[in-house]
Amino acid sequence: MNKLLSSLVAVAFACASVGSFAAAHGGAMSDKEKAEKMAACKKMDAKADDKMKADCKKMMEEPKK
């Protein structure tokens, strides 16, 4: 029973670490996607939704690296 419990704890820690690694390395925009989004922001019209406006404002204020 003691080995089973320690195995379950080890599996729980492994799953948590793999999950956090995947979350930290997923979803970053590539340069091509960022350029397309910037072009869409520049062509944005008055009928754009609030989320699009907020995303564009955030991208415009982001410091250049």
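The values are calculated or read from the model by the stated rules, or taken from the named source; none is laboratory data. Worth saying up front: this structure is predicted, and the values here are computed from it rather than measured. Because the Cβ atoms are built from the backbone with ideal geometry, glycine has one as well, and the counts that use them run over all protein chains shown. Ligands, DNA and RNA are stripped out before the accessible areas are found, and what is left, the full protein with its side chains, is counted by its heavy atoms. Shrake-Rupley method; radii C 1.70, N 1.55, O 1.52, S 1.80 Å.
Quick look at the values:
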read-out	value
Qualifying residue in the stretch 16-27 (condition: part of a helix (DSSP H, G or I), open to solvent by less than 70 Å² (accessible area, probe 1.4 Å), at pLDDT below 80 and within 16 Å of MET60 (Cβ to Cβ))	no
Tabulated pairs, the stretch 30-57, first open to solvent by 90 Å² or more (accessible area, probe 1.4 Å), second part of a loop (DSSP other than H, G, I, E, B) and among the small types (Gly, Ala, Ser), C-beta under 9 angstrom, 6+ apart or interchain	none
